[in-house]
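All remarks here apply to the structure that follows.
Where a number appears in this text, it was derived from the coordinates with a stated rule and is not lab data. For clarity, every value in this text was computed on a predicted model and none was experimentally measured. Methodologically, a virtual Cβ is constructed for each residue, glycine included, from the backbone with ideal geometry; neighbour enumeration extends over all protein chains shown.
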Amino acid sequence: MPRTRTEGLEVDRAVVVSLICQTVREIASQAPDIMVEETCLFGSKGFLDSLGLVSVVLDVEQKVNDLYGLSISLADDRSVSQQRSPFRSVSSFADYILMLSAERQRG
């Protein structure tokens, strides 16, 4: 599993996936009981509406920043300008977080 070192702490994909799933369950009453990396969050097959997505993204951002001592922004122009939303599934969301944390580490 990909890991990224940031400020002495490893950003672990499994932990990030767990944070995403936990946060989605806290916010979205219609979230499936069992969520896996392939679970669609947003888009034609997703269950989050725009408001739910914004809430999830902001909560996950806060949790990741607090847990790893980061200062990354998940909801920015870069995330919304991509052809394929990084928030479409648990997996793509986790990949986006790992990419941003790796960039932060490099400086």
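With charges set only on the Cβ (+1 for Lys and Arg, -1 for Asp and Glu), what does the dipole of segment 61-107 come to about its Cα centre, in debye to the nearest 20?
120 debye
Using +1 at the Cβ of each Lys and Arg and -1 at the Cβ of each Asp and Glu in the chain, identify which of Ala31, Leu58, Ala14 lies farthest towards the dipole's positive end.
Result: Ala14, furthest along the dipole toward the positive end.
List the DSSP H helices in the chain whose Cα atoms stretch 20 Å or more along the helix axis and whose mean Kyte-Doolittle hydropathy is at least 1.0.
Sorted by number, the helices that extend far enough and score high enough are 13-27.
State, to one decimal in nm, how far the label point of Glu26 lies from the label point of Ser79, with both points 7 Å from Cα in the Cβ direction.
1.5 nm
I need the shape label for segment 3-106. Rule: rounded when a/c is under 1.5, else prolate if a/b > b/c, else oblate, with a, b, c from the alpha carbon gyration tensor.
prolate
With a 10 Å radius around each residue's Cβ, average the other Cβ atoms per peptide and rank 48-58, 27-37, highest first.
Ranking the peptides 48-58, 27-37 by packing returns 48-58, 27-37.
If you place +1 on the Cβ of every Lys and Arg and -1 on the Cβ of every Asp and Glu, how big does the dipole about the Cα centre of segment 3-106 come out, in debye to the nearest 20?
Around 260 debye, computed over segment 3-106.
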